[in-house]
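Okay, so here's the structure we're looking at.
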Amino acid sequence: MTGVEFLASFVTTGELHGLRIGATLDEIDRAFRHPFVAVVGDEGQWLRRDYGLVEFAFNPGPEWVMATASVQLHRLASGDGLARAWARSMGVGFPRYTSWKEAGDALSRTGGVPELKVTDQGGFLQYRAASSNVSVLVVDGEGEERGYRVGNGDVWSLELWAPFRNA
């Protein structure tokens, strides 16, 4: 699968390799066969796993459950080692840079594209899909050029979040 196909699917469905908010740690372990660094917060109040390209945050309970997930595309700009490792372990081929135009073109070829609300985030544009709970941050700076960092119009990251619900 190409990186833009993966991103279009994520934005449309809110699923990351078949996982959604509330997925258990065991489900993550079965879906992600990639090395990670884990950090447990004070007194076990939270857990974060960083897989290099993807990060998960978990809430405790009878078992750890996913609270958020993010795809940190900006990390690919510094070289192609992470992209190669990710393609080997997860079967998704990413280039060093993914422009929002490329992602938008892939979204237009995908069925069920959610409505995207655009907001200025000070140096970024956020495209938020309420129906899938996915936000896309895109670099918004005329002086930002590609190099060891992503440039203007490139996707910085995607985040899967849980909507706030009154109790």
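The values are calculated or read from the model by the stated rules, or taken from the named source; none is laboratory data. Here the structure is a predicted model, which means the values were calculated and not measured. Quick reminder, even Gly has a Cβ in these numbers, built from the backbone with ideal geometry, and neighbours come from all protein chains shown. Just so you know, the surface numbers come from the protein's heavy atoms only, side chains and all, with ligands and any DNA or RNA stripped out. Shrake-Rupley method; radii C 1.70, N 1.55, O 1.52, S 1.80 Å.
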Quiz prompt | 10 Å beta-carbon shell around Val150, net charge (K/R +1, D/E -1) | solution = +1
Quiz prompt | Placed amide H near Leu47: partners under 5 Å, 5+ positions off or other chain | solution = Gly41, Phe58
Self-check item: Built amide H within the under 5 Å cut-off of Trp64, gap 5+
Solution: Leu25
Quiz item: By DSSP, what percent of the beta bridges with both residues in segment 1-111 are antiparallel, rounded to the nearest 5?
Solution: 95 percent
Practice problem: First check a/c for segment 86-167, with a ≥ b ≥ c the square roots of the eigenvalues of its C-alpha gyration tensor; if it is under 1.5, answer rounded, and if not, answer prolate when a/b is larger than b/c or oblate otherwise. | Solution: oblate
Quiz item: Under the rule of -39500 (n - 2.57) per DSSP H run of 4 or more residues, summed and divided by the residues of the chain, what mean residue ellipticity at 222 nm is obtained, to the nearest 500 deg cm²/dmol?
Solution: -6500 deg cm²/dmol
Quiz item: In square angstrom, what is the accessible area per residue of the chain with a 1.4 angstrom probe?
Solution: 53 Å²
Quiz item: Using 1/(1 + (r/R0)^6) with R0 = 25 angstrom and r between the beta carbons of Arg30 and Ala87, what's the FRET efficiency to the nearest 0.05?
Solution: 0.80
Exercise. Taking the Cβ of Val92 as the centre, find all other residues whose Cβ is under 13 Å away and add up their charges (Lys, Arg: +1; Asp, Glu: -1).
Key: +2
Quiz item: Which loop chymotrypsin sites (Phe, Trp or Tyr not before Pro) in segment 81-167, with loop taken from DSSP, have no more than 16 other Cβ atoms within 10 angstrom of their Cβ?
Solution: Tyr148, Trp161, Phe164
Quiz item: Taking a 1.4 Å probe, which of Glu63, Glu145, Glu43, Glu55 shows the most accessible area, and what order do the others take after it?
Solution: Glu43, Glu145, Glu63, Glu55
Quiz item: For the Cα atoms of the chain, what angle does the longest principal axis make with the long axis of helix 3-13, in degrees from 0 to 90, nearest 10?
Solution: 60 degrees
